[in-house]
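In what follows, a structure is listed as structure tokens, so that the remarks can point back to it.
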Amino acid sequence: MNAPFAATALEQLRAEYASAPTDLFIDGKFVPAASGKSFEVEDPATGQVFAHAAAGDAADIDAAVKAARRALEGAWAKTNPAQRARLLTRLADLIERDGERIALTESLDNGMPFMMAKFAGVFGASEQLRYNAGWATKIAGETIEPSSPGEWHCFTLREPVGVVGAIVPWNFPFVMAVAKIAPALAAGCTVVLKPAEQTPLSAAYLGKLIAEAGFPEGVVNIVTGMGETAGAAIVDHMGVDKVSFTGSTSVGKLIVKNSTGNLKRVSLELGGKSPVMIFADADLAKAIPAAAMGIFGNAGQVCAAGSRLFVHEKVYDQVVEGVQGMAKALKVGPGLSPDTQMGPLVSAEQLTRVLGYVESGAGEGATVSVGGSRIEGEGYFVQPTVLTGTAAGMKVVEEEIFGPVLSVMKFGDEEIDVIAARANATEYGLSSRIWTRDISTALKLAKRLKAGGVMINGGAGVDPAMPLGGYKQSGWGRENGKAGVEAYTEIKSVTVAL
Ligand code: NAI
Ligand code: MG
């Protein structure tokens, strides 16, 4: 198969990354970290360092927050909604123009297959911008008729919440960064963005496109750096009005604790342990590949990964054999090899973590029916893995693994409430998937599931129009849709006695 990108583009990019560390983007300028430090960026397909990024810390975050505040009260406050919409659309155009470069960067940095980087990353990001550009001109308050004695004119205003600190993870670095910036800017906020230390490069490039698109200085600031320094400084900063975080539930809880200084608003998109339920009457030709790719896609490094598979006993053997067959057949390799279907895990740390879970599952009595091992050689590759004989109470059934490891369980003709209770037996509640042709079963179950998302007979992944977020410990608030943009606003009630 031919590579879906130009080999020379990849060589140029590698040479560029080898030549100098990427900069921070603060107040419209590209600058090194105040400390002068940078950190190493690894290619997870080889484990080799191929780039360096500026190691921003509290001093850089402080400069970025001050720039964001000046922009919020200055140039950005003077733009009207139509101008903001136009800037968002222009940024979308630039992202599409440079799609190959962005996807190559993402694939090098995160390890994901190039086509996934292009579709989920580049196309996903430009769609986020175009969708939210539409909201810029449609955010509105309400007029309200109060019941108090007298004659009134009462209304609400939707105002920008202010300076937003956006902290994103490494699993879909580019689209996650853009998905935070787009609604915040549409709502009139300004942003300090911190990408994950494992994958800083596509966000660093986003700064160049933001400058080119013509956003006023300081509207978006991008500070690469560590979570414990740069990330913590955002959460701690009295000048940040809201933190929007995507990442682990443990860091999410830490952010809640550490944000009390100014009681900044916090929204959290955290982990999951999402159930997939396949009933006996399901369209198995669709359900089986969807169940496999729901856990092996992006090597399982997906917050909404379908990591617990419940299969009706009548079709159990057929489904499990189908998923096992796909697991064995998947082409695992570097994201930039044209036939790769699943890339490496992002880091040595994640590899150790995922293999540790497989070992713990085996120790607790699960059967490693397919995979379960590291793929020897360079890079952080692990085999697509199917655990059967798993049961409630096992760590592999309860905890987020964030790797290509599926736990399979069986159900019979129990009451719908019993099936729902098994699906709900997790501290998480992000996503869920149901496969059945019986509309009553599907909709009854959809009502009973404690999850922010329910996909019946398939799902289109993340759509900027569909609210995304978690029940229980999967998070606070919703991203995407109207709720997603309103999350970057404050409501002001204005009462006029006539
Ligand atoms: P993490 O939650 O530590 O990293 C996410 C982001 O938070 C990064 O930008 C990081 O720099 C930042 N961060 C870390 N500590 C911080 C702090 N004290 N204050 C402010 N920001 C901080 O995730 P990590 O450690 O990379 O991955 C560990 C596990 O977390 C994974 O195995 C997976 O289970 C889960 N995870 C879930 C994600 C999701 O989308 N739900 C995404 C990434 C990780
Ligand atoms: Mg961490």
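The values are calculated or read from the model by the stated rules, or taken from the named source; none is laboratory data. Here the structure is a predicted model, which is why all the values come from computation and not from measurement. Note: ideal-geometry Cβ built from the backbone for every residue, glycine included; neighbour counts use all protein chains shown.
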Quick one: would you say Val220 is within 15 Å of ligand 1 (Cβ to nearest atom) and touching a residue at least 60 places away in the same chain (Cβ under 8 Å)? no
Identity of the residue in region 143-171, touching a Cys at 6+ places or on another chain (Cβ under 9 Å) and over 17 Å from Ala487 (Cβ atoms), that ends up surrounded by the fewest Cβ atoms within 10 Å (Cβ to Cβ): Glu145
Which condition number does Phe123 fail, the rest of (1) surrounded by 18 or more Cβ atoms within 10 Å (Cβ to Cβ); (2) assigned to a helix (DSSP H, G or I); (3) at pLDDT 95 or above being met? (1)
Here the residues within region 154-195 that are of a type in the set (S, T, N, Q) and within 17 Å of Gly227 (Cβ to Cβ) are Asn171
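Return yes when Val319 is away from ligand 2 (no atom under 16 Å from the Cβ), part of a helix (DSSP H, G or I) and β-branched (Val, Ile, Thr) and no when it is not.
The answer is yes for Val319.
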Restricting to region 305-349, what's the tally of residues that are buried (at least 24 other Cβ atoms within 10 Å of the Cβ) and within 16 Å of ligand 1 (Cβ to nearest atom)? 8
Check region 287-299 and report whether any residue there is touching a helix residue (DSSP H, G or I) at 6+ places or on another chain (Cβ under 8 Å), within 16 Å of ligand 2 (Cβ to nearest atom) and farther than 23 Å from Ala420 by Cβ. no
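What residue, among those in region 220-272 that are in a loop (DSSP other than H, G, I, E, B) and among the hydrophobic types (A, V, I, L, M, F, W, C), is surrounded by the most Cβ atoms within 10 Å (Cβ to Cβ)?
Initially, region 220-272 is screened for residues in a loop (DSSP other than H, G, I, E, B), giving 223-226, 237-241, 247-248, 259-264, 270-272.
Among the residues that remain, those that are also among the hydrophobic types (A, V, I, L, M, F, W, C) are: 223, 226, 238, 240, 263, 270.
Details: Val223: 30, Met226: 16, Met238: 9, Val240: 25, Leu263: 8, Leu270: 25.
Only one residue fits best here, namely Val223.
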Selection within region 376-391 - within 27 Å of the chain's Cα centre (by Cα) and closer than 25 Å to Gly429 by Cβ: Thr385, Val386, Leu387
Expected single match for within 16 Å of ligand 2 (Cβ to nearest atom), in contact with a strand residue (DSSP E or B) (Cβ under 8 Å, 6 or more places away or on another chain) and of a type in the set (Ser, Thr, Tyr) among Thr246, Thr229 is Thr246
